[in-house]
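The structure appears right after this line, and notes come after that.
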Amino acid sequence: MSFIKHFKEEFQVIQERDPAIKTPLEVLLYPSFRVMIKYRKAHKLYLKGHYFMARWISQRAARRTGIEIHPGATIGKGLFIDHGSGVIIGETAIVGDNVTLYQGVTLGGNGKETGKRHPTIKDNVMVSAGAKIIGSFTVGENSKIGAGSVVLEEVPPNCTVVGIPGRVVRQKNMKVPRNSMDHCHLPDPVRDDIRTLQRENTALTNRVLEMEKELRLYKKEREKKDETV
């Protein structure tokens, strides 16, 4: 693919996916735009075996943008990195089409594997700020990863993951919209568990109070019977 085609593609992705854009020229200032142009060039060199030059380009881009993408990573069309500071994409990571990553996201390896050691992110996945996806497993298409989550195992398609470690919350088999950028209104299973415990605790407390009341009535009845005897 030619440089001009890459340039137009990356330009269009940011224009379509960032509501903060006011003028087309702003796209040229975006770290996501700049780092993806450099990544495409470095990746071509990496595939041809020019590893030093590929890494030199990627490291310069990392210093300038705060986004580190290994030139060996495989990235599809339409990747949008919002803000971008602290984003890391490892060498054997595979990222599908129309994926959105927010600042602080890591697609990393666990340090114990060789070969394929980074995650595979399928099409239309959104990974919220600060999330870490660690290991050589797959995050299924149309899924969402909540902010600050740590994902250590396979994620099925059309799911939402939240928490540390990440827990899968199915969305009743409803697909996440392709261009959905909502990474705030996600399910919170920890909050749900706490609310369940609160309800159960309230029910137990009420039961204990009822038993205490019954016990007092029983004692009074016994005292009355003893007096009559």
Across the stretch 12-37, what is the total count of residues that are among the basic types (Lys, Arg) and either outside any helix (DSSP H, G or I) or under 19 Å from ILE94 (Cβ atoms) (or both)?
1
Examine the stretch 164-173 for a residue that is of a type in the set (Val, Ile, Thr), in a loop (DSSP other than H, G, I, E, B) and at pLDDT 80 or above, and state whether such a residue exists.
yes
In the list GLY72, GLY104, which residue meets the criterion of being farther than 27 Å from ILE164 by Cβ and not in a strand (DSSP E or B)?
GLY72
Does ILE67 qualify as being crowded, with 18+ Cβ neighbours inside 10 Å, over 25 Å from the mean Cα position of the chain (by Cα) and of a type outside the set (Asp, Glu)?
no
Within the stretch 1-56, track down each residue that is out of contact with any Gly (no Cβ under 9 Å at 6 or more places or on another chain), hydroxyl-bearing (Ser, Thr, Tyr) and under 20 Å from GLU68 (Cα atoms).
TYR39
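Residue by residue, here is whether (1) touching a strand residue (DSSP E or B) at 6+ places or on another chain (Cβ under 9 Å); (2) in contact (Cβ under 8 Å) with a residue 12 or more places away in the chain holds:
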residue: GLN12; (1), (2): no, no
residue: ARG17; (1), (2): yes, yes
residue: VAL27; (1), (2): no, yes
residue: LYS41; (1), (2): no, yes
residue: ARG60; (1), (2): no, yes
residue: GLY66; (1), (2): no, yes
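Working carefully through the options ASP192, ASP182, ASP226, find the one that is at pLDDT below 85 and loosely packed, with under 10 Cβ neighbours inside 10 Å. Reasoning before the result, please.
On the way: ASP192 fails: loosely packed, with under 10 Cβ neighbours inside 10 Å; ASP182 fails: loosely packed, with under 10 Cβ neighbours inside 10 Å.
When all the criteria are applied, what remains is ASP226.
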Exactly one condition in (1) touching a residue at least 24 places away in the same chain (Cβ under 8 Å); (2) touching a Leu at 6+ places or on another chain (Cβ under 6 Å) is false for ASN98; which is it?
(2)
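The values are calculated or read from the model by the stated rules, or taken from the named source; none is laboratory data. Fair warning: this is a prediction, and the values are worked out from it, not measured in the lab. Every residue, glycine as well, gets a Cβ built from its backbone with ideal geometry; the counts of neighbours run over all protein chains shown.
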